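*Asks:* Below is the structure I would like to discuss, written out as structure tokens.
The values are calculated or read from the model by the stated rules, or taken from the named source; none is laboratory data. Remember, it's a predicted structure, so these values are computed and weren't measured experimentally. Please note: Cβ atoms are built from the backbone with ideal geometry, for glycine as well, and neighbour counts cover all protein chains shown.
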Amino acid sequence: MTVPATTTLPTDPDETPVEALGDLYRDGITACRGAFSVDWVDQVREDIDAAFREARSRPDGAVGRGAERWYVEIHPEQLRGFADLVTHPWVVAVSRAVLGPEYEIVELGFDIPFPGAAMQPWHRDFPMPEETRRQRRLTSLAFNLTTVDTVEEMGPFEIAPGTQWDDGADFDHEMFPPRERYDRYEGRAVRKYPQRGDISARSALTVHRGTPNRSALARPVLVLGVDAPGAGNAERHDMAVTRDYWANLPELARAHLRCPIVDELVPITQKHTIEGLVMGAA
């Protein structure tokens, strides 16, 4: 399987990212190498580690995604580099080009496969929207940023390019393809080995899975979810910002951030559970 080309780093967020668009509509995933400095990513890792400790200290602070895998949604204020992330020219350009000028930032979180994480079943993150099924339009993107230099032993992310267009109406919960079709996905499968500083964008409909982490290291990945207006994924998430934080965000961030503005943050109780990942890990 040919790995999708890596797109170049734009300096103008108004530039149309033609390579990224081609990758996303053909393969369901694209990437930009060296978008951030290693020092900046290491700071993200510090914030993820702190947020994970806090989340695991209370009930429902983290949600399981299979053996030794956890997902945690966080508030923007828990990530010092949030404004840098959401105003990055490549992130902005891809979001505008795929989702339209009024795209909405609806999710911030991270996924951590720890040592001992098992193979996940093939899946997509939610059922296919009718707009995608009928019009072949992508209505959401997941941006992923690794906080480690990924190697095979860490259990890299595996994706089946082109499967964002699979209808999926007969998938279990419209998310999990039948096991008798696994040969199709394994025949297309590409494993990804991003390094610190790289960022990717994918359709969450592209069928994918986590592979076993046989290393002694965790592999935290930051997740930024972005929607087209009306896509509805914000209903699955509970991030918020305080008034002082909102006032100090760049205008470009405020223009696209769709979440409550509050006097005081409340720790997030995780509700974006994907039951099949807990029950179906192998």
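*Asks:* Does any residue in segment 154-176 that is in contact (Cβ under 8 Å) with a residue 40 or more places away in the chain and at negative phi come within less than 7 Å, Cβ to Cβ, of a residue that is of a type in the set (Ser, Thr, Tyr) and in a helix (DSSP H, G or I) six or more places away or on a different chain, and which pairs are these?
*Replies:* Pairs found: ALA160/TYR185; THR163/TYR185.
*Asks:* Working only within segment 202-218, note down all residues that are basic (Lys, Arg) and in a loop (DSSP other than H, G, I, E, B). Even if it seems obvious, please write down each step before you answer.
*Replies:* Applying the first criterion (basic (Lys, Arg)) to segment 202-218 yields 202, 209, 214.
Matches in segment 202-218: ARG214 only.
*Asks:* Quick one: count up the residues across segment 133-160 that are polar (S, T, N, Q) and either at pLDDT below 95 or over 20 Å from PHE36 (Cβ atoms) (or both).
*Replies:* 3
*Asks:* Is one or more of the residues making up segment 247-255 touching a Pro at 6+ places or on another chain (Cβ under 7 Å) and more than 24 Å from ASP60 (Cα to Cα)?
*Replies:* Initial filter on segment 247-255 (touching a Pro at 6+ places or on another chain (Cβ under 7 Å)): none.
No, there is no match, as no residue in segment 247-255 is touching a Pro at 6+ places or on another chain (Cβ under 7 Å) and more than 24 Å from ASP60 (Cα to Cα).
*Asks:* What single numbered condition from (1) surrounded by fewer than 16 Cβ atoms within 10 Å (Cβ to Cβ); (2) in contact with a Ser or Thr (Cβ under 8 Å, 6 or more places away or on another chain); (3) part of a helix (DSSP H, G or I) fails to hold for ASP183?
*Replies:* In the conditions (1) surrounded by fewer than 16 Cβ atoms within 10 Å (Cβ to Cβ); (2) in contact with a Ser or Thr (Cβ under 8 Å, 6 or more places away or on another chain); (3) part of a helix (DSSP H, G or I), ASP183 misses (2) alone.
*Asks:* Right, here's the next one. Any residue in segment 239-250 that is touching a residue at least 12 places away in the same chain (Cβ under 8 Å) sitting within a Cβ distance under 7 Å of a residue that is among the hydroxyl-bearing types (Ser, Thr, Tyr)? List the pairs, counting only those 6 or more apart or interchain.
*Replies:* Filtered contacts from segment 239-250: PRO250/THR87.
*Asks:* Considering each of GLU46, GLU102 in turn, give the residue that is among the charged types (D, E, K, R), surrounded by fewer than 19 Cβ atoms within 10 Å (Cβ to Cβ), under 19 Å from LEU141 (Cβ atoms) and modelled with pLDDT of 95 or more.
*Replies:* Exactly one residue qualifies, and that residue is GLU102.
*Asks:* Further question on the same structure: Starting from residues that are among the charged types (D, E, K, R) and more than 13 Å from ARG243 (Cα to Cα), keep the ones in segment 256-282 and report whichever is modelled with the highest pLDDT. Give the derivation first.
*Replies:* At the first step, the residues of segment 256-282 found to be among the charged types (D, E, K, R) are 258, 263-264, 271, 275.
Those still in the list that are more than 13 Å from ARG243 (Cα to Cα) too: 258, 271, 275.
Values: ARG258: 90, LYS271: 69, GLU275: 56.
Residue satisfying both the conditions and the ranking: ARG258.
*Asks:* Kindly indicate which of ARG58, ARG53 is in a helix (DSSP H, G or I) and exposed (fewer than 14 other Cβ atoms within 10 Å of the Cβ).
*Replies:* On the way: ARG58 fails: in a helix (DSSP H, G or I).
That would be ARG53, the only listed residue that is in a helix (DSSP H, G or I) and exposed (fewer than 14 other Cβ atoms within 10 Å of the Cβ).
*Asks:* Residue by residue through segment 170-210, note down the ones that are hydroxyl-bearing (Ser, Thr, Tyr), within 16 Å of the chain's Cα centre (by Cα) and under 19 Å from GLY66 (Cβ atoms).
*Replies:* THR206
*Asks:* Checking ASP47 against (1) in contact (Cβ under 8 Å) with a residue 24 or more places away in the chain; (2) more than 21 Å from TRP246 (Cα to Cα), which single condition isn't satisfied?
*Replies:* ASP47 satisfies all of (1) in contact (Cβ under 8 Å) with a residue 24 or more places away in the chain; (2) more than 21 Å from TRP246 (Cα to Cα) except (2).
*Asks:* Here is a follow-up. Consider segment 114-151. How many of its residues are surrounded by fewer than 20 Cβ atoms within 10 Å (Cβ to Cβ), under 23 Å from ASP23 (Cα atoms) and aromatic (Phe, Trp, Tyr)?
*Replies:* 1
*Asks:* So VAL151 clears everything in (1) of a type in the set (Val, Ile, Thr); (2) in contact with a Pro (Cβ under 9 Å, 6 or more places away or on another chain); (3) over 23 Å from ALA228 (Cα atoms) except one condition, right? Which one?
*Replies:* (2)
*Asks:* Would you mind stating whether ARG56 is out of contact with any Asp or Glu (no Cβ under 6 Å at 6 or more places or on another chain) and within 30 Å of GLU180 (Cβ to Cβ)?
*Replies:* no
*Asks:* A further question on this structure: Within segment 186-229, which residues are more than 17 Å from GLY28 (Cα to Cα) and either of a type in the set (Lys, Arg) or without any contact (Cβ under 8 Å) to a residue 12 or more places away in the chain (or both)?
*Replies:* Once the filter is applied, which keeps residues that are more than 17 Å from GLY28 (Cα to Cα) and either of a type in the set (Lys, Arg) or without any contact (Cβ under 8 Å) to a residue 12 or more places away in the chain (or both), segment 186-229 yields ARG196, ARG214, ARG219.
*Asks:* Moving to a separate point now. So THR150 fits all but one of (1) out of contact with any Leu (no Cβ under 9 Å at 6 or more places or on another chain); (2) polar (S, T, N, Q); (3) farther than 22 Å from VAL44 by Cβ; what number is the exception?
*Replies:* THR150 satisfies all of (1) out of contact with any Leu (no Cβ under 9 Å at 6 or more places or on another chain); (2) polar (S, T, N, Q); (3) farther than 22 Å from VAL44 by Cβ except (3).
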